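S.K.: Handing you this structure, nothing more for now.
The values are calculated or read from the model by the stated rules, or taken from the named source; none is laboratory data. Given the structure is predicted, the values throughout are model-derived calculations rather than measurements. Positions of Cβ are backbone-derived with ideal geometry, glycine not excepted, and every protein chain shown enters the neighbour counts. In case anyone asks, the SASA skips ligands and DNA or RNA and just uses the protein heavy atoms, side chains included. Shrake-Rupley method; radii C 1.70, N 1.55, O 1.52, S 1.80 Å.
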Amino acid sequence: MVLMKMKFPFEKRMKLAQGLWLLSWIATLAGAFTFTLGCFLKTELRRRAEVMDNTEIHAVPNTLMIVGLASLGINYFAGRMCQDALDAGRFPRWKTFLQPYWGVSLLFTLLMLTTVIMSYAMKGNLEWSLKIGLKNGIRFYKDTDTPGRCFQKQTIDRLQMEFQCCGNTDFKDWFEVQWISNRYLDFSSKEVKDRVKSNVDGRYLFDGVPFSCCNPSSPRPCIQDRLTNNSAHYNYEHQTEELNIYIRGCREALVNYYMGLMNTIGAAVLSIFLVQSSVLVSLRYLQTAMEAVAGQENTEIETEGYLLEKGVKETIMEYVTPVLVFLQLNQVGSEDAEAGETPAK
Amino acid sequence: MALLKLQFPLQRRVRLAQGLWLLSWLAVLAGAFTFSLGVYLKTELLRRAEVMDNTEIHVVPNILMLVGLVTMGINLFAGRVCQDSLDSARFPPWKPFLLPWYGLAWMVCVWLLSAVVLSYALQGHLEESLKVGLRNGIRFYRDTDVPGRCFQKETIDRLQMELRCCGNTNYRDWFEVQWISNRYLDFTSKEVKDRVRSNVDGRYLMDGVPFSCCNPGSPRPCLQNHLTDNTAHYNYEHQSEELNLYNRGCRQALVDYYMGLMNTIGPGILSVISLQMSVLVSLRYLQTSLDGVDPENPEADSEGYILAKGVKETMMDVKNIMFKLLQFGQVEAGDEAEAGADGEKAATSS
């Protein structure tokens, strides 16, 4: 009923301890690398914090940083333990430490895996946050004289130029807001009065975009205003014109950018997860093999190592039953379980 | 009369050899560093090669790359020599190589110094090259349908956006060229016909700039057209408007950028020169102190020096050797040189 039993002659134990020592140092470096990946991702998210509405997506880099630091500790202790493993006198002092150690390290290793899953699962969250953030940015584009919003214009302009995008979903978002401040509109001119009267809110709306939407790759000098009016510009058809301004929306551009980042980071974290799991498995084998040696006179005998003493189900029941008894969730049922276990022992 | 003579007991000789070994490996790294600096500078110059008219400025990174490789080579050699130096059997084979090595090491220092001097001296050339290159770029901005020039527009636009500059000297350079192609001008309209007729060459000139001159830091949406006409825009005075477009010219921006790069590289190169000089001096001391060791008593003290005679006398010796080698001139020169050499010998022997 033992899970994955393996025989360990003395030579094999030695090699396991040495291999584990090397592996634990590699895993320590990998843990430090995870931490830096978390820092990098957080920095990148904070750079564009002004166009994000909430910081829920920051859970991914925060978890990565915590897991990185924890794995530094886990692997350091794994290295220390396997240094002591080959000395049958020094190994037993780790006994009391091991139970909580397994709990903590399993927790953080699983947390590593959940971070990767989270980075994909939170894509919708990120997109929603960007949608609202960009909508606000475009709405407050004109408020360069309002404290707290005066940098929105520069933020949005630089964002559109850097990511080669225009607007929220696409460039038509600019047609729905007044992005020219009233300070620069001549309210005595007929054109301005017509436009302002043409809608309920009294906003100056027109089919034009800011200069930051212009695409430098266009063969033609940029057309920014009267975009939907084919007769306003010579040799111009807005339905077929693709190169004049950026077609992509900034939400899509930013989501693609961050998903690309998280894909790369996710792949790296998955391989680090594999390294970490192999460290834990090797340490477990070493521990069980050395436990059989303890108290023996001849320390070079062959012993058995295993992952779990009983099967998976029984081990889980062993841990869960005390919790159930403690919570008194299931009175009669739990008593029966106890009665069932006692004859089995 | 020896120049900078120093005493070298055995301990000191050993320490000198060990220190020199370490120093020579540092100098190898310094050579690699110089090479990479040269590569970096060349890459940066090549990135903007389209707005430069000539490649004279490339002599600076080329020298840096070449000298970096040579430095790595000579310092590897110096490391080998001083590894063998404390073994009296292995050292003599290296002796004939040392004199040319000194010459080469000295040349390396001179070349590095000249690279630093050139990087400042060629600033004028760089500015001229950029002036011509940018003028052409602005002139051919509209030729997006002419093979060979079709990327000028994108190059100039990206340059202006990246370096935050407008035009050659300033934004008015755009008023003097036609930067909108005839393909996009409606020649039936009155405005176009007026403008085209208003100048001798028949060009469509206007007081407007491309969108890439716009400054995102301006509180106002960018004004690109009718820039000199205050009535064309509400609440606008072109004399006092500073934030609308970039004020700096691209020539100034590029020169500042490259001079900043070279100012950063300069001190690095100067420290490489001083490292190389210290390797040269240490190796000379090691060589002369080992030469002065008595073969029967190898652990005795010896003297090390930089030059056997003073500087002036060494120069005279070298000149005489050169004359003899070249068999320069006639009997008089030969007689004089011999008489001079005889006189020298008499002076040194006395």
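S.K.: Once B and A are treated as a pair rather than alone, how much accessible area drops out, both sides summed, in Å² to 100, probe 1.4 Å?
M.R.: So the buried area, both faces added, is about 2400 Å².
S.K.: Okay, moving on. At 0.36 nm per residue, and after removing the present C-alpha to C-alpha distance, how many nm does the segment from A:LYS5 to A:CYS39 gain when stretched out fully?
M.R.: Fully extending the segment from A:LYS5 to A:CYS39 adds 8.2 nm.
S.K.: Need one number for the stretch A:220-277: average projected area of the convex hull over its C-alpha atoms, nm².
M.R.: For the Cα atoms of the stretch A:220-277, the hull's average projected area reads 5.7 nm².
S.K.: Rg to Rh ratio, chain B, alpha-carbon atoms and Kirkwood radius?
M.R.: 1.24
S.K.: Moving to a separate point now. If I compute solvent accessible area with a 1.4 Å probe over the protein chains, what percent of it on chain A is carbon and sulfur?
M.R.: That fraction is 60 percent.
S.K.: How big is Rg to Rh over chain A, alpha-carbon atoms, Rh as the Kirkwood inverse-mean-distance radius?
M.R.: Rg divided by Rh gives 1.23.
S.K.: Excluding residues on the same chain fewer than 8 positions from A:LYS95, give the lysines whose Cα lies under 25 Å from its Cα.
M.R.: By straight Cα distance, A:LYS95 reaches A:LYS5, A:LYS7, A:LYS12, A:LYS15, A:LYS310, A:LYS313, A:LYS345.
S.K.: Which ³J(HN,Hα) values, rounded to whole Hz and listed in residue order, are derived for the stretch A:109-114 from phi using the Karplus coefficients 6.51, -1.76 and 1.60 in 6.51 cos²θ - 1.76 cosθ + 1.60 with θ = phi - 60°, glycine and proline given as x?
M.R.: Each residue of the stretch A:109-114 in turn: 5, 5, 4, 4, 5, 5 Hz.
S.K.: From Cα pairs below 8 angstrom and at least 6 apart in sequence, can you work out the relative contact order of the stretch B:175-247, rounded to a whole percent?
M.R.: Once divided by the residue count of the stretch B:175-247, the mean separation gives 26 percent.
S.K.: Apply the Karplus curve 6.51 cos²θ - 1.76 cosθ + 1.60, θ = phi - 60°, to the phi angles in the stretch B:102-116 and return the couplings in whole Hz, x for Gly and Pro.
M.R.: Couplings: 4, x, 5, 5, 5, 4, 4, 4, 5, 4, 4, 5, 5, 4, 5 Hz.
S.K.: Can you tell me the dipole magnitude for chain A around its Cα centre, using point charges on the Cβ only (Lys, Arg +1; Asp, Glu -1), in Debye to the nearest 20?
M.R.: The calculation lands at about 800 debye.
S.K.: How large is the accessible surface of B:SER240 in square angstrom, using a 1.4 angstrom probe and rounding to the nearest 10?
M.R.: B:SER240 has an accessible surface of roughly 80 Å² with all protein chains in place.
S.K.: How large is the dipole of the stretch B:175-247 about the Cα centre if only Lys and Arg carry +1 and Asp and Glu carry -1, each at its Cβ, rounded to the nearest 20 debye?
M.R.: For this selection, approximately 340 debye.
S.K.: Let me ask something else about it. Does the stretch A:43-142 classify as rounded, prolate or oblate by the C-alpha gyration tensor (a ≥ b ≥ c root eigenvalues; a/c under 1.5 gives rounded; else a/b over b/c gives prolate, otherwise oblate)?
M.R.: prolate
S.K.: If each Cα of the stretch B:1-152 is one equal point scatterer, what is log10 of I(q)/I(0) from the Debye formula at q = 0.13 Å⁻¹?
M.R.: -0.75
S.K.: Let me understand the stretch B:175-247 better: what is its radius of gyration from the alpha carbons, and its Dmax, in angstrom?
M.R.: Gyration radius and largest Cα-Cα distance of the stretch B:175-247: 13.8, 39 Å.
S.K.: Next question, about the same structure. For the stretch A:115-144, state which residues have at least 10 Å² less accessible area in the presence of all protein chains than in their chain by itself, taking the probe as 1.4 Å and leaving out ligands, DNA and RNA.
M.R.: A:THR144
S.K.: Can I ask one more? Would you mind listing how long the protein assembly as shown runs along its three principal axes, going by Cα atoms, in whole Å with the largest first?
M.R.: 118, 111, 44
S.K.: Roughly speaking, to the nearest percent, how much of the stretch B:175-247's 1.4 Å accessible area is carbon and sulfur?
M.R.: 47 percent
S.K.: Oh, and also: Note down the magnitude of the dipole of the stretch A:151-212 about its Cα centre, charges +1 on Lys and Arg C-beta and -1 on Asp and Glu C-beta and zero elsewhere, to the nearest 20 debye.
M.R.: Dipole magnitude for the stretch A:151-212 comes out near 260 debye.
S.K.: Now, a different point. Once R0 is set to 30 Å, what does the formula 1/(1 + (r/R0)^6) return for the Cβ-Cβ distance between A:ASP87 and B:LEU29, expressed as a FRET efficiency to the nearest 0.05?
M.R.: Calculated value: 0.10.
S.K.: Something else: Looking at the stretch B:226-247, which residues lose a minimum of 20 Å² of accessible area between their chain alone and all protein chains in place, measuring with a 1.4 Å probe and not counting ligands or nucleic acids?
M.R.: B:TYR234, B:ASN235
S.K.: Using the heavy atoms of the protein chains and a 1.4 angstrom probe, tell me the accessible area per residue for the stretch B:175-247 in square angstrom.
M.R.: With the other protein chains kept in place, the stretch B:175-247 gives 51 Å² per residue.
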